[in-house]
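Participant: Dumping the structure here so I can ask a few things about it.
The values are calculated or read from the model by the stated rules, or taken from the named source; none is laboratory data. Values in this document were obtained by computation on a predicted structure and should not be read as measured data. Every residue, glycine among them, receives a Cβ derived from its backbone with ideal geometry; neighbour counts consider all protein chains shown.
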Amino acid sequence: MSTKKMLRLIIIMAVLVVVSIVGYLVVDNNKRKEEQAQIEEEQSLQLFNFNSDLATEVIFDSKEAYFKCENKDGTWTLTDTDYPFNLELNHYYINVVCSTMSSLLAEEKIGVDSSRLEEYGLDDPSSITCYAGGIEYKLLLGNTSATGEYRYVMLPEDENTVFCVDATTASALEGESQYLRIHDIIPYQENDIIGYRIDRKNDSVSLEMQDGLWHMSEPLPDANVNSATVNSMLTTITRFEVDGFLTADPDADLSQYGLDQPDVTLTIQTADETTVLQFADQGNGLYNMLNENTDVVSTVTNSGFLETKATELLMDTVISLSFYDASALEVTSEDISFTMEMDHEAGQYLFNGEDVAPLGEDAVTAFTNLFQSAAQIPFTDMDADAKIPEDAEPVYTFRFTMNDGTDTTLTLVQKDADNYYAVADGKYTGLYISSDVMSETLGLYQTYEALTDIVNDA
């Protein structure tokens, strides 16, 4: 290749390199400008940026009322308001408001003439003001957009810019009583509760805490209460929250909410306080609820405890005696009778006077099962108002002697062709037992036959 051609090629390549570099620089510069413009746009949509932990005061000035909340020693307190009714402050909500407001970001912004603010509901807006670190942060709230997607807001120092903020977020910031009011129904923990009562149109259930265990005072005073089940129900109740608020006016006409004649009244008692709640069934699991302590009427969704029956709070059995706490059992009926004697320390178990322990582990297991079939007979249902004739003869009699020398007697009296009334120590329990229970697997008859078969085959 000639020198001229080589020189020409070098010049062309140099030009191409320069053009490429210039092009790259131009593109890079444009990209940087675009990125910078995007950053500036995002920054212009950032309404606030402060540390919410430094918030000391929040003021809501809404169409409904004026509310001033102050943070005193880490607890938010409602210190000033023209709201005419009782309001227990939701401290968690105030913290959420401060956190939301501290980094509030708009979706977009609109340049407007201040004379057009009425179109956005910002000529007479609601407002929220938060004081944090000694600085005031204030937001004006207008109407919701026609699509319901945005809420129009504005900073007081700029009447020519309207910002579009997520409607749900902005509405919560408005601080009406439905947000400011605590949503918890019961203001204490289940461990604080010592009394429970529910009154329905057709029945009532009343429970009292005694020595760390729940006892039923109505409708079955001597029933064997399942304290674990009661505690679980109370946990559900204490975590129950309202769905929405209807009124807090103590002079409200309760008939318009169905609460002039409530369907259910729930009373919860602690050592220091009693809460009374009334419920009116609205259908489909929905209720209107009046809190008599606060005069607040709200809407709630039933979580099941309003229909809880007395029998659902009991142990599954009429009586519940432990095999290892007993020393003897005598069973008498027309078609089956036997005696059992237990010396647990000596490992001696007499069935009709014969020790079954030498017959092996299966015999001892069958012996235990037979005792349990009598000591833990499951009930079928409740009939608290039944009257048992004084001269009624028992169909079955179970006499238990315990290690401490006390006796317990369970008798079953015919109710009808399929059921027996359960009488414990001469007193009707309010419960009845299906005749089928006696013949079920691990029922009296099957466990009796299992043990007698082992004894007879020995």
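Participant: Quick one: Met342 ticks every box in (1) modelled with pLDDT under 95; (2) buried (at least 20 other Cβ atoms within 10 Å of the Cβ); (3) assigned to a strand (DSSP E or B) bar one, so which box is it?
Facilitator: Unmet for Met342, out of (1) modelled with pLDDT under 95; (2) buried (at least 20 other Cβ atoms within 10 Å of the Cβ); (3) assigned to a strand (DSSP E or B): (1).
Participant: What do you reckon, is Gly304 at positive phi, surrounded by fewer than 17 Cβ atoms within 10 Å (Cβ to Cβ) and within 18 Å of the chain's Cα centre (by Cα)? Give the steps one after another, and end with the answer.
Facilitator: Numbers: at positive phi: yes; surrounded by fewer than 17 Cβ atoms within 10 Å (Cβ to Cβ): yes; within 18 Å of the chain's Cα centre (by Cα): yes.
Judged against the criteria, Gly304 is a match.
Participant: Return the residues of the stretch 183-207 that are crowded, with 16+ Cβ neighbours inside 10 Å and either more than 19 Å from Phe279 (Cβ to Cβ) or over 26 Å from the mean Cα position of the chain (by Cα) (or both); say none if nothing qualifies.
Facilitator: Result: Glu190, Asp192.
Participant: Within the stretch 166-200, track down each residue that is over 30 Å from Val225 (Cβ atoms), aliphatic (A, V, I, L, M) and touching a helix residue (DSSP H, G or I) at 6+ places or on another chain (Cβ under 7 Å). Walk me through it before giving the result.
Facilitator: So the first thing to find is which residues in the stretch 166-200 are over 30 Å from Val225 (Cβ atoms), and the list is 166-183.
Those still in the list that are aliphatic (A, V, I, L, M) too: 167, 170, 172-173, 180, 182.
If the condition is that a residue be over 30 Å from Val225 (Cβ atoms), aliphatic (A, V, I, L, M) and touching a helix residue (DSSP H, G or I) at 6+ places or on another chain (Cβ under 7 Å), then Ala172, Leu173, Leu180 are the ones that fit.
Participant: Right, here's the next one. Here is a check on your reading of the model: is Thr100 touching a Leu at 6+ places or on another chain (Cβ under 7 Å), part of a helix (DSSP H, G or I) and touching a residue at least 40 places away in the same chain (Cβ under 8 Å)?
Facilitator: Working: touching a Leu at 6+ places or on another chain (Cβ under 7 Å): yes; part of a helix (DSSP H, G or I): yes; touching a residue at least 40 places away in the same chain (Cβ under 8 Å): yes.
Judged against the criteria, Thr100 is a match.
Participant: In the stretch 440-458, what residues are assigned to a loop (DSSP other than H, G, I, E, B) and surrounded by 16 or more Cβ atoms within 10 Å (Cβ to Cβ)?
Facilitator: As a first pass, look at the stretch 440-458 and keep what is assigned to a loop (DSSP other than H, G, I, E, B): 440-443, 458.
Scanning the stretch 440-458 gives a single hit, Gly443.
Participant: Continuing with this model, one more query. Given (1) out of contact with any Ser or Thr (no Cβ under 7 Å at 6 or more places or on another chain); (2) in contact (Cβ under 8 Å) with a residue 12 or more places away in the chain; (3) over 21 Å from Glu136 (Cβ atoms), where does Tyr92 come up short, assuming only one miss?
Facilitator: Tyr92 satisfies every listed condition except (2).
Participant: Within the stretch 384-439, count every residue that is hydroxyl-bearing (Ser, Thr, Tyr), loosely packed, with under 15 Cβ neighbours inside 10 Å and either within 28 Å of Lys309 (Cα to Cα) or not assigned by TED's automatic domain parsing to the domain that holds Asp335 (or both). Walk me through how you get there before you give the answer.
Facilitator: Keep residues of the stretch 384-439 that are hydroxyl-bearing (Ser, Thr, Tyr), which gives 396-397, 401, 406, 408-409, 411, 420-421, 428-429, 432, 434-435, 439.
When the remaining residues are screened for being loosely packed, with under 15 Cβ neighbours inside 10 Å, the result is 406, 439.
Restricting the remaining residues to those that are either within 28 Å of Lys309 (Cα to Cα) or not assigned by TED's automatic domain parsing to the domain that holds Asp335 (or both) gives 439.
Counting residues in the stretch 384-439 that are hydroxyl-bearing (Ser, Thr, Tyr), loosely packed, with under 15 Cβ neighbours inside 10 Å and either within 28 Å of Lys309 (Cα to Cα) or not assigned by TED's automatic domain parsing to the domain that holds Asp335 (or both) gives 1.
Participant: Residues that are closer than 21 Å to Tyr196 by Cβ, polar (S, T, N, Q) and not assigned by TED's automatic domain parsing to the domain that holds Val205: list the strands (runs of 3 or more DSSP E) wholly contained in the stretch 235-325 that include at least 2 such residues. Give the steps one after another, and end with the answer.
Facilitator: Working: elements: 244-247, 264-270, 274-283, 286-291, 296-301.
Ranges flagged: none.
Participant: I've got another one for you. Kindly indicate which of Ile388, Ile433 is among the aliphatic types (A, V, I, L, M), farther than 30 Å from Gly360 by Cβ, part of a loop (DSSP other than H, G, I, E, B) and out of contact with any Lys or Arg (no Cβ under 8 Å at 6 or more places or on another chain). Explain how you work it out, then say what you get.
Facilitator: On the way: Ile433 fails: part of a loop (DSSP other than H, G, I, E, B).
Just a single option satisfies the conditions, and that option is Ile388.
Participant: Scan (1) in contact (Cβ under 8 Å) with a residue 60 or more places away in the chain; (2) surrounded by fewer than 15 Cβ atoms within 10 Å (Cβ to Cβ); (3) hydrophobic (A, V, I, L, M, F, W, C) for the single condition Ala146 breaks and write down its number.
Facilitator: (1)
Participant: Out of the strands (runs of 3 or more DSSP E) lying entirely within the stretch 113-179, which hold 2 or more residues that are out of contact with any Asp or Glu (no Cβ under 8 Å at 6 or more places or on another chain) and not charged (D, E, K, R)? Even if it seems obvious, please write down each step before you answer.
Facilitator: Values: elements: 126-132, 135-144, 150-154, 161-166.
Because the criterion is at least 2 residues that are out of contact with any Asp or Glu (no Cβ under 8 Å at 6 or more places or on another chain) and not charged (D, E, K, R), the strands (runs of 3 or more DSSP E) in the stretch 113-179 that meet it are 135-144, 150-154, 161-166.
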